[in-house]
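Single-structure report; data block below.
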Amino acid sequence: MLEQITSIKEDTLEAIAGIGDLKALDDIRVGALGKKGAITGFMKQLGGLDPDERREVGQELNRIKDAVQAAIDTRKSELEWAALNERLETERVDVSLPPRPETQGSIHPVSQVMDEIMAIFCEMDFAIAEGPDIEDDWLNFGALNIPDEHPARQEHDTFYLPSSGEGGRPVLRTHTSPVQIRHMMKSEPPIRIIAPGRTYRSDSDMTHTPMFHQVEGLVIDETAHLGHLKGCLRDFVEAFFQVDNVPMRFRPSYFPFTAPSMEVDIGCSFEGGELKIGAGDDWLEILGSGMVHPNVLRNGGIDPDRYQGFAFGMGIDRIAMLKYGIPDLRSFFDADLRWLRHYGFRALDLPTLHGGLAR
Ligand code: PHE
């Protein structure tokens, strides 16, 4: 029996040394040490031997078992190393290669201006909120105090989507104002948010594209008033355009979801075809705003007898054109690389109030 065992040991160790892959190595392990393996088989026969022989054969079997297991472990780690080295070799990245020129991207002016807007308002303790591009009719209009037959619905040149049968009719949101309602419904005052994002209206010329960007602002607490709204917008405009004492004009206006409502213009000049913010006697409209209408608060689940606040909505592409002197809005969305190279921003220059907001 000992002879048989020794020859099995030799065969097994030889096989292990010659094996080239992990699967085959495991087959050998099962063949020798598994439940039905050769060495296990001898172990089972020990009971039939007389005591002396049993001890001798038993000890030898244990030694062989340990030797085979050790050989398997060693071979296994050799094979694993070899596999790892092979992978490292084939997946090698040459870090000394210079980047390919065509992979150099730049930040689109709209993204840059969104980052600038967020940097400024976050410094003023606003949080960022978001809503979906596809809204239902109720959130985009009804909840904002724009009933079914209201003329404002036509003014918005809405893109309607096919109805799914349940809930309101889906629309591409025509403004970021539905985020006001969404946010009110899920939170308690005090509320202090801005909501930047894409908006859609069926309109296209030098200053309109069917998809454009807005940022909504909403502040609700027990005391927020028109003076706060004006101060907040002034601080924003001065930080954004980096000019002190920008002339601002607050014109009475009308929005169904605010009362009173104001449109805000900033003073500028167009001398020699160049637009300058903060000087001269021309005016440019940049946003709509007002005190949130009690019906809107109610629709957002907020008690208008206790809370009040203000909201504003600003065209992001618009103020990007003003700040960076970009003449045609449509060019924003042409995906023309030459345009992007000219007006784009360096990818790692994140705008902050302390680090600077412009190029
Ligand atoms: N939603 C309005 C628009 O798109 C702007 C606005 C927002 C006005 C909030 C007042 C308050 O024109």
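Observations
- Residue match in the range 312-324 (condition: in contact with a Ser or Thr (Cβ under 7 Å, 6 or more places away or on another chain), surrounded by fewer than 22 Cβ atoms within 10 Å (Cβ to Cβ) and under 20 Å from F121 (Cα atoms)): no
- Filter result for G280 (open to solvent by less than 60 Å² (accessible area, probe 1.4 Å), within 16 Å of the ligand (Cβ to nearest atom) and at positive phi): no
- For the range 248-256, the criterion of a residue being of a type in the set (A, V, I, L, M), in contact with a strand residue (DSSP E or B) (Cβ under 9 Å, 6 or more places away or on another chain), surrounded by fewer than 19 Cβ atoms within 10 Å (Cβ to Cβ) and within 30 Å of H354 (Cβ to Cβ) is satisfied by at least one position.
- Test: residue in the range 69-79 that is more than 55 Å from the chain's Cα centre (by Cα) and open to solvent by 80 Å² or more (accessible area, probe 1.4 Å): no
- Members of the range 208-220 that are over 13 Å from D133 (Cβ atoms), in contact with a strand residue (DSSP E or B) (Cβ under 8 Å, 6 or more places away or on another chain) and either surrounded by fewer than 19 Cβ atoms within 10 Å (Cβ to Cβ) or acidic (D, E) (or both): E216
- Among the candidates V237, V246, residue that is away from the ligand (no atom under 14 Å from the Cβ), assigned to a helix (DSSP H, G or I) and not aromatic (F, W, Y): V237
The values are calculated or read from the model by the stated rules, or taken from the named source; none is laboratory data. All of these numbers come straight from a predicted model, not from anything done at the bench. Reconstructed Cβ throughout: ideal geometry from the backbone, glycine too, with neighbour counts over all protein chains shown. Just the protein is used for accessible areas: all its heavy atoms, side chains included, with ligands, DNA and RNA removed. Shrake-Rupley method; radii C 1.70, N 1.55, O 1.52, S 1.80 Å.
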